[in-house]
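Inspection log for the structure reproduced underneath, given as structure tokens.
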Amino acid sequence: MTDDATAHKAITLLIVDDHPVVRDGLRGMFESAPGFRVLGEASNGVEAVERAAALDPDVILMDLRMPGGGGVEAIARLTRRSARAKVLVLTTYDTDSDTLPAIEAGATGYLLKDAPRDELFTAVRAAAEGRTVLSPAVASRLVSAVRSPQAPGNEPLSAREREVLALVAKGTPNREIARVLFISEATVKTHLTHLYAKLGVKDRAAAVAVAYDRGILG
């Protein structure tokens, strides 16, 4: 019974990478650690979408540049399908042309393959809970990318906007934010629109990154 309970609580994974050696390495790493279970693998984005539909993992470790179907396209398709799985990008590329499209497509997090083992485990656990996970280098790039001369400077957030932002940082969906704060879901969306404008961002991940950079969160 204990084993069943442990297996039930384990975070399930789908590993997506075009290099078999990388997939084998990641599988071995997670299968040797408690609290994780690898359900399957895919070698490109197209296969990843199909496998995700069949296996319904908690988290998908997604490479970006793969022959036969890239990661960004796969993330966008999973988002459009409202897939339950959270996508954690794991790649060697941290350029703006890779980072921003992946986040905008719906990735929950973005890590580089040189991340330490424990950092990767922590990131997967956070992603499974819906929390945004960005490597320091990627967070820095994201913050720089969303800043522009036209972007607002440091317009203060209201107390309510800070409450909403704190819940967003934990990966809380709008409906749950509304329940916790005793407001309507429409009001939550209004607060999000206002705080996005004040931070000069367009989505949740960028809002969290900028908020940490400015010391609003953390």
| query | Which one of PHE36, PHE121, PHE182 has the biggest mean-square fluctuation once the chain is modelled by GNM with Cα springs under 10 Å? | reply | PHE182
| Per Stokes-Einstein, at 37 °C and 0.692 mPa s, what whole-number D in µm² s⁻¹ belongs to the stretch 16-115, with the Kirkwood radius over Cα pairs as the hydrodynamic radius? | 246 µm²/s
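Counting only C-alpha contacts under 8 Å and six or more residues apart, can you give the relative contact order of the chain as a whole percent?
Working: 337 pairs, mean separation 30.3, N = 218.
Contact order relative to length: 14 percent.
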| note | Residues meeting the amide H criterion for VAL38 (H placed from the backbone, H to H distance under 5 Å, 5 or more places apart or on another chain) are LEU13
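Give me the percent of Cα-Cα pairs in the chain that sit more than 31 Å apart, rounded to a whole number.
Here the long-distance tail beyond 31 Å is 22 percent of all Cα pairs in the chain.
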| message | Take the residue pairs LYS9/LYS170; LYS113/LYS198; LYS86/LYS113; LYS86/LYS198; LYS9/LYS113 and return only those whose Cα atoms are more than 22 Å apart. | response | LYS113/LYS198; LYS86/LYS198; LYS9/LYS113
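Read the figures in this text as sums done on the coordinates, not as results from a lab. Computed from a prediction, not measured in an experiment: that's the story for all the values here.
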